[in-house]
Amino acid sequence: LSHRVSYSALTGIVLFHNLDAAQEMTDSLKAAGVRAKLDARDNYTPGWKYNHWELKGVPLRVEFGVRDFENGTCVIARRDNKVKETVNIADLNNRCAELCETVQQDMFNRAKEVRDANIIKLTSWDGFVAALDEKKLILTPWCETKESEELVKKKTTTESQGGAAKTLCIPFEQPPLEDDAKCFITGEKATCWVLWGRSY
């Protein structure tokens, strides 16, 4: 999950019993505005803790072991791409804040890329049901009438095994709509572009 919606932006996992140093790092992160949580439980293995916090959607993990303590470093692990990096403890606050924003942007870019790759633009009924059965979003010119939406629902119910299509949204960013554009289902004057799909 993004650091903006997850339980915590990062979790610190202590790999040995220097709780004072780990607590100092956690307090420093919190003071810098990073939502941090220290997991100092000694009745669980590090692997169990990693899994526990990954299931909660925490995007970053800071590992702090004996060698790290001796070297004045720690390891930051990103959950979204499994990359680990070693940073100086003095740079931890800034690096965690940077990584939180980087993870957010990377996740957004990946999601947008997948969404955009699954939008098909059609101006007629031809290919609509096939695209719907491929679980695509379909962008069409539309006349914005309840009757036309009901017609699409009826036709997709009879022509497809997967169920009825419905309007998902009228995008804020509209592609150019020509003056003589026709609604893809009724042939009437189109007033906007709309996304169609199914709810699963």
In whole angstrom, and with the biggest value first, how far do the Cα coordinates of segment 13-116 range along each principal axis? 48, 28, 22
Translational diffusion coefficient, Stokes-Einstein: compute it for segment 72-188 using the Kirkwood radius over C-alpha pairs as Rh, at 10 °C and 1.306 mPa s, and state it as an integer in µm² s⁻¹. 89 µm²/s
Under the rule that a partner needs its Cβ under 4.7 Å from the first Cβ, which Cys of the chain have none? C74, C96, C100, C169, C192
Cβ-based net charge around L195, under 14 Å, with every Lys or Arg adding one and every Asp or Glu removing one: +2
Tell me the angle of helix 146-159 to the major Cα principal axis of the chain, expressed in degrees between 0 and 90 and rounded to the nearest ten. 80 degrees
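For the chain, what is the accessible area per residue in Å² when the probe is 1.4 Å? Intermediate values should be presented prior to the final figure.
Values: 11680 Å² over 200 residues.
With all protein chains present, the chain gives 58 Å² per residue.
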Note on the chain, DSSP bridge orientation, antiparallel percent to nearest 5 equals 60 percent
Measure nothing fancy, just the Cα-based angle from helix 92-117's long axis to the longest principal axis of the chain, in degrees from 0 to 90, nearest 10. 20 degrees
Scale the Cα Rg of the chain by the rule-of-thumb value 2.2 N^0.38 Å and send over the ratio, two decimals. 1.53
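Run the helix sum for the chain: -39,500 (n - 2.57) per DSSP H stretch of 4+ residues, divided by residue count, reported at 222 nm to the nearest 500 deg cm²/dmol. The partial results should precede the final answer.
Details: 6 runs with 75 residues, N = 200.
Calculated mean residue ellipticity at 222 nm is -12000 deg cm²/dmol.
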Between helix 46-55 and the chain, what is the angle of the helix's C-alpha long axis to the longest principal axis, kept within 0 to 90° and rounded to the nearest 10? 30 degrees
With 0.36 nm assigned to each residue of separation and the Cα-Cα distance removed, F172 to A21 gains 49.4 nm
With equal scatterers on the alpha carbons only and no solvent term, can you work out the Debye log10 of I(q)/I(0) for segment 133-200 at 0.23, 0.27 1/Å? -1.01, -1.26
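The values are calculated or read from the model by the stated rules, or taken from the named source; none is laboratory data. Because the structure is predicted, anything quoted here is derived from the model rather than measured. No Cβ is skipped: glycine too gets one built from the backbone with ideal geometry, and neighbour counts run over all protein chains shown. We work out accessible area using only protein heavy atoms, side chains counted, and drop any ligands, DNA or RNA first. Shrake-Rupley method; radii C 1.70, N 1.55, O 1.52, S 1.80 Å.
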